[in-house]
Amino acid sequence: MTHFKQRVFLVDGARTPFLKARQGPGPFTPVDLAVQAGRPLLSRQPFDRTAFDLVILGCVNVIADEMNPARVAALRLGLGAQMVAFTMQINCGSGMQSIDTAYRYIRDGSHQMILAGGAEALSHAPLVLRQSAVEWFGRVNASKSPLEMLRAMGGLRPEFFKPVIGLERGLTDPITELNMGQTAEVLAHRFGIDRESADAYAMESHHRLAAAQKEGRLTDEVMPAFARDGTVYDHDDGVRPDSDMQSLAKLKPVFEKPHGKVTAGNSSQITDGASWVIVASERAVDAHGLTPLAEITDSEWAALDPEIMGLGPVLSATPIAQRHGFGPEDIDLWELNEAFAAQVLSCIAAWNDAEFCREVLGYDAAFGRIDRDRLNVDGGAISLGHPVGTSGNRIVLHLANAMKQRGAKRGIATECIGGGLGGAMLLEAVE
Amino acid sequence: MTGHVLKHLGETKLELGPLAGREGNWRVGRDATGVLWLALDKVDSSINTITGDVLRELETHMAAAEANLPRAVVLRSAKSGGFAAGADITSFDRMSDEGAAELLAQGHAVLDRLEKLACPTVCVVHGAALGAGFELALACDARIAVPGASFGFPEVKLGLHPGLGGTFRLPALIDPTEAMTMMLTGKTAHTDRALSLGIVGEVVEERHVAAAVHALIENGIERHEPGLKARALGFEQARTMMARQMRSRTEEKAPAEHYPAPHALIELWEEHGNDHDTMQRGEITSFANLLKTPSSKNLRRVFSLRQKLKDTARGEDGVEHVHVIGAGAMGADIAAVAAIKGKTVTLSDLAMDTLGRAVKQAERICHDKHLSPAETRDVLDRLMPDPRGYGIARADLVIEAASEQVEVKEKIYADLGGRMKPDAILAINTSSLALDRLAKAAPNPSQFAGLHFFNPVARIDLVEVIRSRGTNSDTLTRLAAFCGAIGKLPVMLSDYPGFVVNRILTPYMLEAMMLMDEGVPKEVIDSAALRFGMPMGPVALADQVGLDVGLKVAESLHERLEAPMPAISNDLREKVAAGNLGRKTGRGFYDWSEGTPQVQTDGRAAPDLTDRLILPMLNAAVEVLRQDVAVDADAIDAAMIFATGWAPFRGGPLHYTRTRGTKAVTERLRELAEAHGPRFAPDDGWHGFS
């Protein structure tokens, strides 16, 4: 067994705008989105499309027409019949899991260049038939004579036609039967996050995204998507540049009425979007004459109780900091996925809580305060949305871009994952 | 993109029964069950045509089969490309007057013998079965299609109708009105349609051909019974009524005066539609008569002109990726057509909504071309709107279709310099600018040329390929091949104001506007042109091209040509200034808001009017020939026919000139010059033109 490990670089990446789910399915399926983001990214590379060793795509809500969306996307992007491709699913971590898998494969020397992405079209989440309706349909289908069929059909009940919204089921933890928004309510309570702080955080997210859009910081990252009806989607359309505390304060809690603190305004938005990054070894970088955005130097996954899944970033990013002896001042930029404002603020509070850090994380004192100026500098899922399988990919890509733009040396991208997981990735500037 | 494993496995092999040895143009063999397989495999040719030899050899095999009756006969093609493309068209010219009828009768006898063979006969069709190929299939008891098979009688496009039994065998097999429609329009029935019409009994994949054939023989072939409608049309009165409808509809598209063939077919069917034998004799006589008509001769000439342009387009284009600059009407359509033909395409434009409209337009073209949902998806995947111009660095060919201003183009070319691949070609799609000045701005003048497409790109076959002074021959060869690869016909030209098509067409449109200024209604003008045989009158054509484009071309010709041109009408300038640009804005000279305006062609216009429109085109064609803009007169005729639909039954402007007589034309031009001005004065080229 060899102990030699290859250096791994994040070469380039691009994503579609994140498109707010409005009425009915949006114009793109997950693979459509992956194609829209992938085409311009591949077109601006100096190497041939068939130069990849592997395609990995994170996608949670795979639609029936696109089983193994990674492979469908690889073929539609013209990567060739010989391109191995697989799809990963670790819920909200899928888009980062694809990068991490690419990172580990390349680090260990079996691969040189991998296209790793995430794609999600939440607006296409299906209406699901009730279990009782499915059983009835099965009985009708299995009937062996017209009489038997007639009898089976008699079992039809009106409630069979009341579909279950698949997305709602998907955003509910099956073990605890808590909706994701409820897990944020739990954290807000435990860490004393009030409604005003959550709203203030959300407002800032919108303002930061609006500024990033206006000042061109997303130009190389967000590629316009073109629908068949001629509509062009060229920016994250959930942004509200004029978001203010008054209008946010008016919103009613959506998950725990009437006393809860989590509203549609301080939660991430339901959106469609896809993102890709090119992960390459030093050898591939040299061979193709590439200029990487950043080097991937570490990653970590962690798990905890599903009802407080929102602390996933704390559990997964801390071991990285501990391995390298980093304090808050050593990390120039953070991308911490904004599932809920209360959840982000709870993570910050946990790291700043001496008892929590001692008992749970094994520190002697509090890890310390993460400066808001280093955290989600260009907005996040609250302003631009959270297409679950894509978000992990986006935060790593955006961290790399933001580090380059700001001349930062080191950054961590991290996310909470429905079901009680967390993922984190360490990027460093290329020397 | 085919992977290496499938590439190794190769194409699906055709089921040819027992290993069949070649005997002349046929491969023949009997399998263990006593079934005789006859596969047409024409010697020294990649496609099958039905020649005299092919039929004579088939007769020998029929005789052998009669003497030693097989269990069944399976007839198919051994060529992977398809069944059979019909008769060899060049042989029509060789058929002498009486000889034609005699040769046809011999062919009929062979097919009759096949039809009457005492054992079941099954025809398996893959690819196209056209004309005589289709007729061979019709003489069998049953037909099996492999997906992709198509059937059609394109004879009408050559001024003919089917001549080997198609006129009575197809109406006997399927709904007679559907059969007549196929023969009158020349439209092809693809696999699904052929199945629903009843041309084929079943459709099976190639891998199941042997099983399907044996099952059919085992279970017996059901004899076809005519339907109620077919029986009704056995009565003369019913046929007369139906024929009247067919005539009036045919007259609209193909007036009898110009296109006698479809009308001859209707008459034949009306008279003999209920009698196999008299219909057969009538078909032979009528076909032999049509062969002699000028209309058919000229239409066959058009066919050979097309072949000539196609020959220019052979070879490798070395173009996998095309980048198109400018997503306006032309750029968007060029991009869509190239993507449909499998090219990787990037399309750049400064305006995002223009790029969006280009995607919508591409989808519409896919729809119009009946592409399947999966094919449409692949086309749209291959066509990437590219606002940042990433494709420029990857393209083998950059087509610049930006706005028609020298300064704009020079600026674009300056930017291309450092970005294009060293061996990539830069082609400009322009209708009014001189190439030589732009060539100086191009990154590499030897790899720079003109590529002039016509609107609407998806429907017009011709592309003018224009060399500028420095263009090297490799670039021209590759551009011609590129045209072929995207299903277009290239005509190779040197730079000249308006090239060929616009040089010839502009005086026609400007003269029409002068006539309007003189008070002649536009409908009268357009109907005169339609009666001559133009597919569109000059006023409607100006609207269709776009009055802004037309004005620009007219101004450029006025400036750059020595020959006098009709003055540009104020009306045209005013319409352009007001933004009424023709079809694309819904209003020009005509109102297009309700679709294409209908112009009545009844009544006669003064012959002076027609000559004032048509003769300037002949004069300009002679000028273009004198200036060596095209290789020869045929190229000029081909360009006009395939770009503008110039009265094909007249064989093109220069061929028409020869038919009408050089002397008569020049005399008439002189008369017109005296009456209307020097713009009609005969060109110097008439001295050398014969």
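Only the coordinates and a few stated rules stand behind these numbers; no lab work does. Small disclaimer: the values here were computed from a predicted structure and weren't measured. Cβ atoms come from the backbone with ideal geometry, glycine included; neighbour counts cover every protein chain shown.
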Determine the shielding of peptide B:382-393 by partner chains: average, over its residues, the number of Cβ atoms on other chains within 10 angstrom of each Cβ. 5
Please arrange A:49, A:15, B:76 by how many other C-beta atoms lie within 10 Å of their C-beta, fewest to most. A:49, B:76, A:15
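Dipole magnitude of the protein assembly as shown about its Cα centre, charges +1 at Lys/Arg Cβ and -1 at Asp/Glu Cβ only, in debye to the nearest 20?
Magnitude of the dipole: close to 900 debye.
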Can you give me the angle between helix B:406-416 and the longest principal axis of chain B, using Cα atoms only, in degrees from 0 to 90, rounded to the nearest 10? 70 degrees
Based solely on C-alpha atoms, express the radius of gyration and the Dmax of chain A in angstrom. 22.3, 78
Of B:574-584, A:273-283, B:643-653, A:408-418, ordering from highest average Cβ density within 10 Å down gives A:273-283, A:408-418, B:643-653, B:574-584
Name every cysteine in the protein assembly as shown that ends up alone, with no second cysteine's Cβ under 4.7 Å, or say none. A:59, A:92, A:347, A:357, A:416, B:119, B:366, B:483
May I have the pair-distance distribution P(r) for the protein assembly as shown, computed from all Cα-Cα distances with 10 Å bins from 0 and rounded to whole percent? 2, 9, 14, 16, 16, 15, 13, 9, 5, 2, 0, 0
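Kirkwood Rh, Cα Rg: Rg to Rh for region B:14-297?
Values: Rg = 18.3 Å, Rh = 19.1 Å.
Answer for region B:14-297: 0.96.
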Unit-weight point scatterers at every alpha-carbon of region B:314-487, Debye formula, q = 0.08, 0.16 1/Å: log10 I(q)/I(0) is -0.21, -0.87
Using per-residue counts of other Cβ atoms within 10 Å, averaged over each peptide, order B:279-290, A:390-401 from highest down. A:390-401, B:279-290
Rounded to the nearest 10 degrees, what's the angle between the helix B:373-382 long axis and the longest principal axis of chain B, both from Cα atoms, 0 to 90? 40 degrees
Which value results for Rg/Rh of region A:1-127 when Rg is the Cα radius of gyration and Rh the Kirkwood radius based on the inverse mean 1/r? 0.99
Expected vector for region A:370-382, Karplus 3J(HN,Hα) from phi with 6.51, -1.76, 1.60 and θ = phi - 60°, integer Hz, x for Gly and Pro, equals 8, 5, 4, 6, 9, 10, 6, 5, 10, x, x, 4, 5
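What does the net charge come to around residue B:682 if you take all other residues with beta carbon closer than 15 Å to its beta carbon, with K and R at +1 and D and E at -1? Don't skip to the answer; put the middle values down first.
Numbers: positive: B:612, B:626, B:660, B:663, B:668, B:670, B:679; negative: B:562, B:611, B:623, B:667, B:671, B:674, B:683, B:684.
The answer is -1.
Can you quote the Å³ per residue value for the convex hull of the Cα atoms in chain B, rounded to an integer? Before the final figure, lay out the partial values.
Details: hull volume 118.5 nm³, N = 690.
Expressed per residue, the convex hull around the Cα atoms of chain B is 172 Å³.
Local charge sum around residue B:576 (other residues, Cβ-Cβ under 15 Å, Lys/Arg +1, Asp/Glu -1)? Write down the numbers at each step before the final one.
On the way: positive: B:552, B:573, B:575, B:583, B:584, B:587; negative: B:404, B:543, B:548, B:555, B:571, B:574.
Its environment carries a net charge of 0.
Applying 1/(1 + (r/R0)^6) with R0 = 25 Å to the Cβ-Cβ distance of residue B:222 and residue B:12, what FRET efficiency is obtained, to the nearest 0.05?
Details: r = 29 Å, r/R0 = 1.15.
For residue B:222 and residue B:12, the calculated efficiency is 0.30.
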Spin-label zone in region B:465-489 - amide nitrogen under 19 Å from a point set 7 Å from the Cα of residue B:314 along the C-beta vector: B:474-489
Burial order of peptide ranges B:334-343, B:253-262 (average beta-carbon count within 10 Å, highest first): B:334-343, B:253-262
First measure r as the distance between the Cβ atoms of residue B:606 and residue B:626, then evaluate 1/(1 + (r/R0)^6) with R0 = 22 Å and state the FRET efficiency to the nearest 0.05. 0.15
Fewest to most Cβ atoms within 10 Å: A:197, A:94 sort as A:197, A:94
If you find the alpha carbon centre of region B:539-553 and of region A:276-325, how far apart are they in angstrom? 60 Å
Label-point separation in nm, residue B:414 to residue A:64, each point 7 Å along Cα→Cβ: 5.8 nm
Mind running the shape call on region A:323-431? Use the C-alpha gyration tensor, a ≥ b ≥ c as the square roots of the eigenvalues: rounded below 1.5 for a/c, prolate if a/b tops b/c, oblate otherwise. oblate
Charge dipole (debye, nearest 20) of region A:247-299; +1 at Cβ of Lys and Arg, -1 at Cβ of Asp and Glu: 640 debye
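What whole-number value in cubic angstrom gives the convex hull volume per residue for the C-alpha atoms of region B:94-222? Write down the numbers at each step before the final one.
Values: hull volume 14.0 nm³, N = 129.
Enclosed volume per residue, from the Cα hull, is 108 Å³.
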Ascending count of other beta-carbon atoms within 10 Å, so fewest first, for A:221, A:256: A:256, A:221
Give me the distance in nm between label points sitting 7 Å out from Cα along the Cα-to-Cβ direction at residue A:252 and residue B:80, one decimal. 6.9 nm
Return the distance in nm (one decimal) between the two label points of a simple spin-label model at residue B:341 and residue A:89, each offset 7 Å from Cα along Cα→Cβ. 4.4 nm
Which is farthest toward the positive dipole end of region B:426-565 among B:444, B:537, B:510, measuring Cα position about the Cα centre, with Cβ charges +1 (Lys, Arg) and -1 (Asp, Glu)? B:444
Along the charge dipole of chain A, which of A:368, A:172, A:36 sits closest to the positive end, that is, farthest toward it, with unit charges on the beta carbon of Lys, Arg, Asp and Glu (+1, +1, -1, -1)? A:36
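Per residue, how big is the convex hull of region B:186-320 when only Cα atoms are used? Give it in Å³.
209 Å³
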Can you grab the distance from the C-alpha centre of region B:588-651 to the C-alpha centre of region A:159-229, Å, no decimals? 64 Å
In nm², what is the average projected area of the convex hull enclosing the Cα atoms of region B:472-624? 10.7 nm²
Tilt of helix B:176-185 relative to the longest C-alpha principal axis of chain B, in degrees (0 to 90, nearest 10)? 40 degrees
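Rg/Rh for region A:190-335: what does it come to with C-alpha atoms and Rh from Kirkwood? List each step's numbers first, then the result.
Working: Rg = 19.7 Å, Rh = 19.4 Å.
Dividing the radius of gyration by the Kirkwood radius yields 1.02.
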